[in-house]
Amino acid sequence: MGSIGLVLLGGLILGFQDSLVKATSSYTSFWQLQAIRSFFNLLLIFIFALTFTSIRSIIPKRPFYVILRSIFIAACMLCFFSGSVTLDFTLMTAGLYTYPIFITIMAIPFLGERLNSNRILGIILGIIGSIFILEPWNADISYVQILPICAGFLYACNIITIKKFCEEETPISLAAIQALFFILIGISGILFSDQIFSESVKEDLPFIAIGWPDLTVFILCICALASICNLSGNIFIIKGYQTADGSLLAPFDFAYLIFAVFWGKIVLGTWPDFFDAIGVSLILLAGIISSLEALTFKSNKGSI
């Protein structure tokens with residue numbers, strides 16, 4: 001399979017995983033899901049390392065920055081999934097995929113890049129698209145709707161960290177430390193979420209306010225399936241970026257938004273409304289413009 005096919009397949013699998021989490025968010029919690037899924041991830045990573053490489057490949061060369069990157073990803077996932085019980089799946093995915101806009105902005109001070117007309121156009125289109133998604137003219141807009149865009153910002157921080165500090169790390173070491181970090185975060189949330197969050201937050205964001213709901217065989221199977229999808233989807237995308245020019249593949253990475261609409265219909269039975277469709281289209285266009293203008297980021301798809 002060619003590089004473009006690998007990136008498209010990875011996006012298709014990750015879109016299915018995220019829609020699966022959205023569909024089952026009423027039956028589990030963020031902490032339970034991440035702890036169990038990450039345990040499966042870590043187990044699969046160790047099996048892969050023992051079979052194809054070595055345990056040494058899991059050890060990071062610059063642990064501080066690998067952990068910092070894991071913190072950004074954990075915070076990103078917390079913002080992305082925390083409102084999944086109530087938020088529309090289109091809003092969630094479109095908010096996350098504002099990350100190329102934030103990368104464009106942050107690349108100026110952190111990577112020494114310069115703004116040009118195309119990058120400015122991408123930023124403007126992304127902002128307009130976000131406005132269509134959020135629909136601030138509605139009286140019932142809440143802070144929960146801003147969380148997916150916060151996820152996009154944090155995901156961009158992850159990308160900048162990888163580019164500036166983690167280029168020499170192996171994908172398996174990044175994935176292993178991330179899985180271990182998510183296990184620790186999940187256990188912490190399971191133990192302390194009931195004490196940390198106020199009643200209003202528990203009402204608005206039930207997915208993160210509950211520590212350990214009853215674990216069923218169904219949820220255990222969902223966690224295992226999500227783990228397989230998570231690792232395989234990211235491996236396909238990483239492999240694609242390792243075998244072709246990133247500037248060629250970047251537009252196809254944004255097919256995830258189209259796959260998200262597809263899985264939203266298949267798994268969740270929902271279609272984006274008129275304003276959501278406009279917003280997604282503008283963010284998709286902004287992301288493509290921003291990505292084509294950015295430096296090539298190999299293996300730039302973090303684990304979700």
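Per-structure values
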quantity: Listing of helices (runs of 4 or more DSSP H) fully contained in the range 161-221 that carry 1 or more residues being closer than 21 Å to residue 25 by Cβ and among the charged types (D, E, K, R); calculated: 171-196, 199-204
quantity: Hits in the range 97-110 (condition: under 22 Å from the mean Cα position of the chain (by Cα) and over 13 Å from residue 279 (Cα atoms)); calculated: 99, 100, 101, 102, 103, 104, 105, 106, 107, 110
quantity: Filter pass, residue 4 being modelled with pLDDT under 90 and not polar (S, T, N, Q); calculated: yes
quantity: Residues of the range 254-290 satisfying the condition of being surrounded by 15 or more Cβ atoms within 10 Å (Cβ to Cβ) and of a type in the set (D, E, K, R); calculated: 276
quantity: Pair list, Cβ < 8 Å and 6+ apart or interchain, from the range 228-241 residues that are more than 12 Å from residue 44 (Cβ to Cβ) to residues that are among the charged types (D, E, K, R) and not in a helix (DSSP H, G or I); calculated: 237/301; 238/301; 241/298; 241/301
quantity: Subset of the range 49-75 (residues that are within 27 Å of residue 99 (Cβ to Cβ) and among the polar types (S, T, N, Q)); calculated: 70
quantity: Test: residue in the range 17-35 that is closer than 30 Å to residue 267 by Cα, touching a residue at least 40 places away in the same chain (Cβ under 8 Å) and of a type in the set (Lys, Arg); calculated: yes
quantity: Whichever residue in the range 49-59 is assigned to a loop (DSSP other than H, G, I, E, B) and touching a residue at least 40 places away in the same chain (Cβ under 8 Å) and, among such residues, is nearest to residue 233 (Cα to Cα); calculated: 53
quantity: Residue check for residue 3: without any contact (Cβ under 8 Å) to a residue 24 or more places away in the chain and among the polar types (S, T, N, Q); calculated: no
quantity: Filter result (of a type in the set (Phe, Trp, Tyr) and either modelled with pLDDT under 90 or assigned to a loop (DSSP other than H, G, I, E, B) (or both)) within the range 7-42; calculated: 27
quantity: Matching option when the condition is under 24 Å from residue 154 (Cβ atoms), surrounded by 19 or more Cβ atoms within 10 Å (Cβ to Cβ) and in contact (Cβ under 8 Å) with a residue 40 or more places away in the chain, among 69, 62; calculated: 69
quantity: Criterion (under 27 Å from residue 185 (Cβ atoms), crowded, with 20+ Cβ neighbours inside 10 Å and either at pLDDT below 85 or touching an Asp or Glu at 6+ places or on another chain (Cβ under 8 Å) (or both)) met by exactly one of 234, 230; calculated: 234
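Each row is one residue, and each column tells you yes or no for (1) farther than 17 Å from residue 97 by Cα; (2) modelled with pLDDT of 80 or more; (3) surrounded by fewer than 20 Cβ atoms within 10 Å (Cβ to Cβ); (4) among the aliphatic types (A, V, I, L, M).
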position: 121; (1), (2), (3), (4): no, yes, yes, yes
position: 126; (1), (2), (3), (4): no, no, no, no
position: 136; (1), (2), (3), (4): yes, no, yes, no
position: 141; (1), (2), (3), (4): yes, no, yes, yes
position: 146; (1), (2), (3), (4): no, yes, yes, yes
position: 150; (1), (2), (3), (4): no, yes, yes, no
position: 153; (1), (2), (3), (4): no, yes, no, no
position: 157; (1), (2), (3), (4): no, yes, no, no
position: 162; (1), (2), (3), (4): yes, yes, no, yes
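Conditions tested, residue by residue: (1) touching a Phe, Trp or Tyr at 6+ places or on another chain (Cβ under 9 Å); (2) in a helix (DSSP H, G or I).
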| position | (1), (2) |
| --- | --- |
| 44 | no, yes |
| 47 | no, yes |
| 70 | yes, yes |
| 73 | yes, yes |
| 78 | yes, yes |
| 81 | yes, yes |
| 84 | yes, no |
| 91 | no, yes |
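The values are calculated or read from the model by the stated rules, or taken from the named source; none is laboratory data. Everything numeric in this text was worked out from a predicted model, so none of it was measured. Using ideal geometry, Cβ is built from the backbone for each residue, glycine included, and neighbour counts are taken over all protein chains shown.
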